[in-house]
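Here, each number is a calculation from the coordinates, and none is a lab measurement. These numbers come from a predicted model, not from an experiment. Ideal geometry is used to build each Cβ from the backbone, glycine not excepted, and the neighbour counts take in all protein chains shown.
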Amino acid sequence: MKRTFIAYNLVLILLVIIAFLGITFSLTNYVSKRQTASMLEVMLDDTVISYNLSELSDADFVKNFESSKRRISIIDEAGNTIADSMMISTSGNQLSYPELMTLGKPYSRYSESLKLNLMYIAQTAENGKYVRVAVVMDEYIKFSEQTVLLLVIISITIVGIAFFMLKKTSNLFLKPIKDVSTSIKTVKDGDYQWILPNSDYEEINGLYREINQINEQIVNQIKTLELRDEELKLLLSHMQQGILVIGSDQSIILSNEKSRNLLKLKVNSEIIEIRHKELYQTIAKATQVDTNVDQKLLIDQRHLTIKITSVNHRILIKDKNPYGVLVILVDETERILLENNKRDFFANVSHELKTPLTAIKGSAELIHYDMVSKTDEKILSKDIIYQVETMNSLIQDMLELSRLETRPKLELEVINLKSLLELVLEQLQSTAISKSIKIAFETEDMQIKGVISDFRSLFKNLIENAIKYNVDGGMIDIKLYKKDAIYFVVKDTGIGIPKDQTDRIFERFYQVNKTRSKLQNGTGLGLSIVKHVVSYYKGSITVLSELGVGTTFTVMIPT
Ligand code: ADP
């Protein structure tokens, strides 16, 4: 901008100077020529009068003028120069020269004989000859050339001075513009800087102060808006409900992460992208008809309660439709699953307790009413003990599961896993012996920080299962070792688990073969407990099994 400003003004100054020089030069030229012409006319009259009165020969007459600056020529009627004050003789017809063709009128032309520029004027004398007077113009031309040179030098000097002055003035005028634009840019970049009102001109300082004030107001407003925006974002992102604010043209004006996740929407998407047809239609309709509905929909396996309300507010009206729409989505999936789980759990528990209780009641009644022999009484009381043990196992497992789910704050302790495993094996040894099952185990000394009952349950349930679901005279291979993590592997040569059920065995109360499990005092909760423990310690459990060949459980616990 600065360059343009200077260039523009310099061109203007140059044009003015050129015009000034042109006019001055033309005027001077014209006036000088006019003066010379007038002077020549007077000279001619003088010379003609002197010539008419002179009794001298033509040559002598012109001789009188040799020392003067004028050139006097006498030309006869045939156009021959008879006498000339500057030349001895000339030849040729001069009648075609303009000064002889139009008498009494001055003409400027180049003299071939003198090799100079002259101004001529001629008149006829009384004797019929032509008297011609001329003055040399070269001096005048030289003077003009000098004048032009002088004027050019003066012009260059003026342009030079003008250039420096313009540079100074442009700085003066452009600096405030530059300062203001820099300051506005800092507002835009969020790093606002004051303009120091340090100009030499009070008017410019006044401008600076006003711009500072305006910028400060803008900065404050931007900050307030940013704060509001952040508050809104914080609120929306932490809401348990999904929120969608939709314009009357069905554009999504506002959405929080929850709503986008539930409806699988991208940021800045349109409601057209809502893939659930029924929901899409209800929202679209709510932009046209005043609506206030609650819908319960299953979208992508999630149970959603959706409240759709038409809102007539100017910020939501984007086209001819009269309403914007507010959509609130509540994800009820967890609650419903929890309720279902609870219901299933109670149904399972009552069922599991009812069976031994009915058996106990039956046996007890038979004994009570003396309906059995002494020997059968023994058998029945043994069955009562067995049923009570089943119930006891069930209650123990339920208590353990409840402990794992509620996780009371227990002090973590350093557990020696090798000693704990040996202890559990010792407790289960008699059951294994009763089925002639051989147990081989390899362990390393290792320690972990945790809750001892967690690892006792883990070891006990997996080894107990390997005994329970093994064949008489079977084998159990147990390994406890540490590599990148702690590994606990229990391999048995038992009945195995069908492939399609290996995932389900970790569900509560799931048993592959209920009758067989019942005979083994199984509760269907052992592997749920194991899974709980493993996931609490951020580990994993895998199962490999082949029907009739055996099963291997591998637990990995990161250290
Ligand atoms: P349960 O108390 O009935 O043993 P679990 O939760 O411990 O309950 O196990 C669930 C089911 O998984 C068992 O009923 C059984 O059918 C199957 N299962 C568990 N461990 C083994 C195993 N080592 N071999 C074969 N089946 C097994």
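So the values come out like this:
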{"read-out": "Integer Hz, Karplus 6.51/-1.76/1.60 couplings in order for the range 157-163, x for Gly and Pro", "value": "4, 4, 4, x, 4, 4, 4"}
{"read-out": "Separation of alpha-carbon centers, the range 93-111 and the range 30-89, rounded to whole Å", "value": "13"}
{"read-out": "Gain on full stretching of the segment that runs from residue 338 to residue 435 - 0.36 nm per residue minus C-alpha separation", "value": "30.9 nm"}
{"read-out": "For the range 121-263, size of Cβ-based charge dipole, Lys and Arg +1, Asp and Glu -1, in debye", "value": "320"}
{"read-out": "Protection proxy ranking of 34-40, 249-255, 468-474 - average other beta-carbon atoms within 10 Å, highest first", "value": "249-255, 468-474, 34-40"}
{"read-out": "Fewest-first sequence of 109, 228 by Cβ atoms within 10 Å of each Cβ", "value": "228, 109"}
{"read-out": "Dimensionless Rg over Rh [the range 22-177; C-alpha; Kirkwood]", "value": "1.29"}
{"read-out": "Backbone HN-Hα couplings from phi across the range 39-46 [Karplus 6.51/-1.76/1.60, Hz, Gly and Pro as x]", "value": "4, 4, 4, 5, 4, 4, 4, 4"}
{"read-out": "Sequence-distant residues sharing a close amide H with residue 318 (under 5 Å, placed H)", "value": "248, 249"}
{"read-out": "√(5λ) per eigenvalue of the Cα gyration tensor, the range 242-325, largest first, Å", "value": "20, 14, 10"}
{"read-out": "The range 2-143, dipole about Cα centre (Lys/Arg Cβ +1, Asp/Glu Cβ -1), debye to the nearest 20", "value": "1160"}
{"read-out": "HN-Hα J in Hz across the range 414-423 - Karplus 6.51, -1.76, 1.60, θ = phi - 60°, x for Gly and Pro", "value": "7, 10, 8, 5, 4, 4, 5, 4, 4, 5"}
{"read-out": "Placed amide H near residue 332: partners under 5 Å, 5+ positions off or other chain", "value": "303, 304, 305"}
{"read-out": "More than 17 angstrom apart: percent of Cα pairs within the range 379-439", "value": "68"}
{"read-out": "Angle in degrees between helix 277-286 and the longest Cα principal axis of the chain, rounded to the nearest 10", "value": "50"}
{"read-out": "Calculated [θ] (222 nm, deg cm²/dmol) that DSSP helices of n ≥ 4 give over the chain, each run adding -39,500 (n - 2.57)", "value": "-18000 deg cm²/dmol"}
{"read-out": "Exposure proxy ranking, count of Cβ atoms within 10 Å, fewest first, for 316, 519", "value": "519, 316"}
{"read-out": "Positive-end extreme of charge dipole, the chain - chosen from 553, 364, 298 (charges on Cβ)", "value": "364"}
{"read-out": "Cα-Cα separations in the range 189-238 greater than 18 Å, expressed as whole percent", "value": "50"}
{"read-out": "Distribution of pairwise C-alpha distances over the chain, 20 Å bins, in %", "value": "13, 18, 16, 13, 10, 10, 8, 8, 3, 1, 0"}
{"read-out": "Hits among lysines - C-alpha to C-alpha of residue 449 under 28 Å, sequence gap 8 or more where chains match", "value": "409, 418, 460, 479, 482, 483, 491, 531, 538"}
{"read-out": "Mean shadow area of the range 93-238 over all directions, Cα convex hull, nm²", "value": "20.1"}
{"read-out": "Residue order, fewest to most surrounding Cβ atoms within 10 angstrom, among 423, 15", "value": "15, 423"}
{"read-out": "The range 153-168 and the range 483-559: distance between their alpha carbon centers, rounded to Å", "value": "99"}
